[in-house]
Amino acid sequence: MATERIQHQIDRLLDEAEEAASELNWSMVRDRATAVLAYQSNNLDALAHIAAAARALESVSVPSPEATLWPEVPSP
């Protein structure tokens, strides 16, 4: 069981993860939740945040710079 001081740190990190999620800052969600797991490896809230961040980050597709600079022009 975590001491009161450690539990306070875990709660603060989870609060930051929740705030980051509301701002769709998935990298920060992942980072804060991972920090929680360093203190408490079986924290279900942190595991859920990491899973959500992984799904959100997987779904982001960034077009290549060439695709935005040189749009494809149909051949005549």
Test: residue in region 41-55 that is among the small types (Gly, Ala, Ser) and open to solvent by 50 Å² or more (accessible area, probe 1.4 Å): yes
Any chance residue 38 is surrounded by fewer than 15 Cβ atoms within 10 Å (Cβ to Cβ) and not hydroxyl-bearing (Ser, Thr, Tyr): yes
Pairs, first of a type in the set (Lys, Arg) in region 30-50, second surrounded by 15 or more Cβ atoms within 10 Å (Cβ to Cβ), C-beta under 7 Å, six or more apart: 30/50; 30/53; 32/13; 32/16; 32/17; 32/20
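The values are calculated or read from the model by the stated rules, or taken from the named source; none is laboratory data. It should be emphasised that the depicted structure is a prediction, and the values quoted were computed from it without experimental measurement. Here the Cβ is made from the backbone with ideal geometry for all residues, glycine too, and neighbour counts use every protein chain on show. Ligands, DNA and RNA are stripped out before the accessible areas are found, and what is left, the full protein with its side chains, is counted by its heavy atoms. Shrake-Rupley method; radii C 1.70, N 1.55, O 1.52, S 1.80 Å.
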